[in-house]
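**Student:** Below: one structure in structure tokens.
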Amino acid sequence: MEVMEVDCKHLSLTSVPQNIGQNVKHLDLSNNTIVKIEDGSFANLPNLRGLYLSNNAIVKIENGSFANLPNLQYLYLSHNAIVKIENGSFANLPYLFQVNLGNNIISTFEQGTFRNLSGLKELNLGNNRISTIEQGSFRIFPA
């Protein structure tokens with residue numbers, strides 16, 4: 001039997017588990033105590049379409065955190081403590097349709113933060129502390 005969804009909510013996880021099958025399409029890690037998304041955290045999940053990381057304690061998203069997720073469509077990172085998103089963190093996610101970064105403490109978006117997201121249709125940045133948006137941060141949006 002092929003597992004399509006993995007529910008890891010409310011398990012007090014402090015990091016992303018590495019023993020998840022590569023055929024998983026939806027991974028729910030919400031309501032844990034994950035602090036950091038490291039480079040390659042999801043490298044073994046090429047079929048992932050939905051990733052739910054809301055209500056954790058994530059402070060930083062490293063460049064390459066979501067590498068090797070070519071099919072990712074939905075990414076939920078709301079209600080964390082994200083201060084910084086490294087340039088290139090969301091690189092090469094052509095099917096990413098929806099990103100929720102609401103209710104964090106993000107203050108700045110660097111040039112190229114959202115580059116190569118040609119499929120992005122919805123980006124929620126509500127309830128952050130945005131004070132600086134560098135030119136070219138949102139260059140990916142179609143005219």
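Please treat every number below as a calculation from the coordinates, not as lab data. The shown structure was predicted, so the numbers you read here are calculated from the model rather than taken from an experiment. Cβ sites come from the backbone with ideal geometry, for glycine too, and all protein chains shown count toward neighbours.
**Student:** Could you give the length gained on full extension between V59 and T132, defined as 0.36 nm per residue of separation minus the Cα-Cα distance, in nm?
**Tutor:** Extra length available between V59 and T132 comes to 24.5 nm.
**Student:** Match the structure shown to one of the listed values (1) 250; (2) 88; (3) 204 of volume of the Cα convex hull per residue in Å³, computed from it, and give that label.
**Tutor:** Computing volume of the Cα convex hull per residue in Å³ and matching it to (1) 250; (2) 88; (3) 204 gives (2).
**Student:** Right, here's the next one. At what distance in nm do the modelled label points of E38 and N124 sit from each other, each positioned 7 Å from its Cα along Cα→Cβ?
**Tutor:** Label-label distance for E38 and N124, simple model: 2.9 nm.
**Student:** I'd like the FRET efficiency for S12 and E86, computed as 1/(1 + (r/R0)^6) with the beta carbon distance as r and R0 of 35 Å, rounded to 0.05.
**Tutor:** Approximately 0.85, to the nearest 0.05.
**Student:** Show me, for segment 76-88, the HN-Hα J-couplings you get by feeding each phi into the Karplus relation (A = 6.51, B = -1.76, C = 1.60, θ = phi - 60°), rounded to Hz, glycine and proline as x.
**Tutor:** 10, 10, 6, 6, 10, 10, 5, 9, 9, 10, 5, 4, x
**Student:** Here's a follow-up. Listing E134, E122 from the residue with the fewest other Cβ atoms within 10 Å to the one with the most, what is the order?
**Tutor:** E122, E134
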